[in-house]
Amino acid sequence: MKVDLNRIIEAAEYIQSAISGIPKFCVVLGSGLGGFADNLEERVEIPFSEIPHFPESTVEGHKGRLVVGMIDNIYIMAMQGRFHYYEGYSMAEVAFPIRCLLYLKVENLIVTNAAGSVDPAITPGDIMVIRDHIKLHGDSPLRGVNIDSFGPRFNDMSDPYPKRVRELTCECGKELGIELKEGVYFYMPGPSYETAGEIKAINILGANAVGMSTVPEVIVAVHGGMQVLGLSCITNMGTGMRNQVVDHQEVIVRGEASAAKLMALLRLVITRWPTL
Ligand code: 6GU
């Protein structure tokens with residue numbers, strides 16, 4: 001599917017017609033983290049399949065719907081499931097939901113994911129606040145005709161995960177007794193997990209964790225001026241960092257295990273955000 005402004009508008013208007021008002025946040029929930037949306041009050045659920053032009057999520061552990069509702073009296077949207085490049089979608093399709101959020105004027109984006117560690121100091125069960133990302137893969141969700149109403153052709157990426165948001169998150173972590181790591185997320189298109197050589201290279205290049213999501217969405221969000229927070233649930237060590245292979249089932253189970261921590265953190269971050 002070609003992503004153009006008309007399709008974005010049609011999808012966004014459908015979403016708008018199904019909800020009441022504009023959510024203050026969208027939280028994108030990664031593998032094993034979908035449970036967060038079940039805690040929303042006065043929930044409205046919109047399956048991706050109902051939304052015009054929305055791709056459909058195909059991975060195990062991803063539900064494929066938008067959930068809108070209240071958390072501590074704040075109106076938010078959660079994306080249960082997301083799209084990945086390895087499913088065969090273009091980068092622009094992967095980021096299509098974020099374009100819809102921009103059109104709806106949702107101002108804040110929290111992206112979560114399951115990621116592998118390439119840093120011995122970051123271990124399974126840790127939550128890593130994303131300080132920055134690296135994407136050397138040549139494709140971009142912004143490739144093609146620029147939609148000037150969202151942002152400039154050559155957009156700034158000097159501060160995609162603003163420091164004030166990261167600091168707020170770390171304060172919330174301290175208050176909850178949740179230890180947070182901070183680091184750089186390296187994007188890999190997948191679907192294969194990395195070789196041991198790739199994991200070593202990714203570490204040398206300055207990253208702390210690696211995963212197959214988040215960055216396409218963040219690029220589009222930053223292009224459109226959203227304020228972004230990225231959180232990685234570390235589910236496993238990268239290939240070659242221990243004598244066990246990376247297994248998708250483990251990624252799902254570990255994601256669920258750190259989900260409780262992440263949900264408590266998300267909730268507090270969302271309620272504290274207004275004071276930014
Ligand atoms: Cl080790 N690599 C990638 N690319 N994605 C992951 C992962 C590793 N662990 C969880 N997701």
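The values are calculated or read from the model by the stated rules, or taken from the named source; none is laboratory data. Computed from a prediction, not measured in an experiment: that's the story for all the values here. Note: ideal-geometry Cβ built from the backbone for every residue, glycine included; neighbour counts use all protein chains shown. Heads up: the accessible areas ignore ligands, DNA and RNA and are worked out on the full protein's heavy atoms, side chains in. Shrake-Rupley method; radii C 1.70, N 1.55, O 1.52, S 1.80 Å.
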Is it fair to say Ile204 is away from the ligand (no atom under 11 Å from the Cβ), of a type in the set (Val, Ile, Thr) and open to solvent by less than 30 Å² (accessible area, probe 1.4 Å)?
no
Please go through (1) outside any loop (DSSP other than H, G, I, E, B); (2) surrounded by 14 or more Cβ atoms within 10 Å (Cβ to Cβ); (3) in contact (Cβ under 8 Å) with a residue 12 or more places away in the chain for Gly190 and return the number of the only condition it doesn't satisfy.
(1)
Residue selected from region 104-128 under the condition more than 13 Å from the chain's Cα centre (by Cα) and crowded, with 24+ Cβ neighbours inside 10 Å, by the criterion nearest to the ligand (Cβ to nearest atom)
Gly116
Members of region 129-165 found to be part of a strand (DSSP E or B) and within 16 Å of the ligand (Cβ to nearest atom), listed by number:
Ile130, His133, Ile134
From the list Val253, Val220, which residue is touching a residue at least 12 places away in the same chain (Cβ under 8 Å) and farther than 30 Å from Ile147 by Cα?
Val253
Only listed residue being at pLDDT below 95, small (Gly, Ala, Ser) and under 18 Å from the mean Cα position of the chain (by Cα), chosen from Gly190, Gly138, Gly177, Gly144:
Gly190
With the structure loaded, tell me whether Met263 is within 15 Å of the chain's Cα centre (by Cα), within 13 Å of the ligand (Cβ to nearest atom), open to solvent by 20 Å² or more (accessible area, probe 1.4 Å) and of a type outside the set (Phe, Trp, Tyr) or whether it fails that test.
no
Which condition from (1) at pLDDT below 95; (2) surrounded by fewer than 19 Cβ atoms within 10 Å (Cβ to Cβ); (3) farther than 19 Å from Met1 by Cβ; (4) within 18 Å of the chain's Cα centre (by Cα) is the one that Glu87 breaks?
(3)
Go through (1) away from the ligand (no atom under 16 Å from the Cβ); (2) outside any loop (DSSP other than H, G, I, E, B) and name the single condition Val184 misses.
(1)
Could you please find all residues in region 225-256 being closer than 30 Å to Lys105 by Cβ and surrounded by fewer than 19 Cβ atoms within 10 Å (Cβ to Cβ)?
Gly225, Gln227
